[in-house]
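The values are calculated or read from the model by the stated rules, or taken from the named source; none is laboratory data. If you're wondering where the values come from, they're calculated on a predicted model, not measured in any experiment. Positions of Cβ are backbone-derived with ideal geometry, glycine not excepted, and every protein chain shown enters the neighbour counts. To get the accessible areas, we keep the full protein, side chains included, count just its heavy atoms, and leave off ligands, DNA and RNA. Shrake-Rupley method; radii C 1.70, N 1.55, O 1.52, S 1.80 Å.
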Amino acid sequence: MMLPVTAVTNLVLVHTVVGAVGVSGYALFALVTTLPAMLPVTDLGAGAALTDAVARDTSCEQRLVRGAVLSSARNLMYAGAVIAAAGVIMALLGVWERALGDAAQPGTDLAVAVASVLFGCSMPLGLGKSVLLAVNRNEVSFLLQGAGSVLQLVLVLFAVGLDAPTSVCISAVFLSQSIVNAAGVVLAGRCLGMPLLGMILRSVRGRASSGGVPIAHLALPMTITTAAVAVAYSTDRLVLSHTADAMAVAGYSAGAQFFAPASSLLSAAGLPLWAMFARRRGSYGTPRRQLAWLTGYFAAGSLVMGVGIVVLGPLAGTWMMHEQIRVGTELMVVFAMLLFVQAVACPANMWMTDAAGLRFKAITFSLMAVVNLAVSIPLARLGPEGPVIGSVVSYAVLVLVPTLLRAFRRT
């Protein structure tokens, strides 16, 4: 239900930004708003630690869950402060304009500094999504995601109505994220039956630190995996910005607007498997046949979504860019291929969320990230579809095949 809401709001958002600040302004908008995806600290493995804690905690006091919440919140609080400070310092030194290449504009450093502060503040509040995943209340998280996309569009429309510069539009995106994360914390606290917001704010105090539990055995490999995914996919725009031009960045970003909602839907379908497998792993495991059926279902679903991407993407994408850039069918085909290989691996990835499985995934995803970045640089000369081709090949060879072999061997 949220997929069409997110897709339509994203289309209107991009169309609005391009109409207000032009294609070059949208290239900067796309680069800065996707910078957080390059960071391996979105939840620092909190989702894995909390899901495991909820699955194993049978006490009435939920001591294991409370400890996991405190440890995760403290880590996210510190990480958010570091990111905010680093973003501001790099802006004062004028680093961001050089780092963003051809897409940079005057005022880029200020825009990234404000975005860094807002993102840093929203990081500990993002713990609400991890809690909702752990207690299997994903429908609440999906509704928040849809509401967040609408709020983001409203704030950007308001900024454009005031004839604000690109930096204000960028800030509106991060402000909407902070508001949605705050709402998520409140709702997650009610689902968990704990004062989650208060626990997050108290997590940095010494007395709260003693209540934490070790989560590194799950959080560390999960963080490495997240970092590898960030390097593999989120650097595509930077590669294009340095090897091509702002037009290539804008074209890639336009195509990604169709891939992103489909990929989010894939993740939404896979999230319940994470909690289900965590509960079953300690009892009788998951039969191989069930895992095979789930893999087939995800593959079939991705094919249906892929056809929609290829058919609708070029027309809607070109309209979205005010016909200043043509979104080619070949770009949408390779995005559909990337969606397919990710979908086939999704059930197996969800099954391998214990400590041993996460360590294996950390290795495979790290290798994939290195190879993907290495091949994306020369492939970027083909145009926006070049880095996506590199992603498809590296993911299929270094993640999909090893993960399927190991997962079916362990069931």
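Values for this structure:
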| item | result |
| --- | --- |
| Residue check, VAL82 of a type outside the set (Gly, Ala, Ser) and open to solvent by 60 Å² or more (accessible area, probe 1.4 Å) | yes |
| Filter result for the condition that a residue is modelled with pLDDT of 80 or more and of a type in the set (Ser, Thr, Tyr), over SER176, SER203, SER209, SER241 | SER176 |
| Filter result for SER203 (small (Gly, Ala, Ser) and under 30 Å from PHE277 (Cβ atoms)) | yes |
| Scope the range 375-389; condition open to solvent by 60 Å² or more (accessible area, probe 1.4 Å) and in contact (Cβ under 8 Å) with a residue 12 or more places away in the chain; matching residues | ILE377, ARG381 |
| Those residues of the range 163-181 which are touching a residue at least 60 places away in the same chain (Cβ under 8 Å) and small (Gly, Ala, Ser), in sequence order | SER167, SER171, SER178 |
| Test result for VAL310, under 16 Å from GLN257 (Cβ atoms), open to solvent by 20 Å² or more (accessible area, probe 1.4 Å), part of a helix (DSSP H, G or I) and of a type in the set (A, V, I, L, M) | yes |
| Filter result (part of a helix (DSSP H, G or I), under 20 Å from ALA68 (Cα atoms) and open to solvent by less than 20 Å² (accessible area, probe 1.4 Å)) within the range 95-153 | SER122, MET123, PRO124, LEU127, GLY128, SER130, VAL131, LEU132, LEU133, ALA134, ASN138 |
| Entirely in the range 348-411, the helices (runs of 4 or more DSSP H) that have 3 or more residues that are touching an Asp or Glu at 6+ places or on another chain (Cβ under 8 Å) and under 25 Å from PRO314 (Cα atoms) | 385-395 |
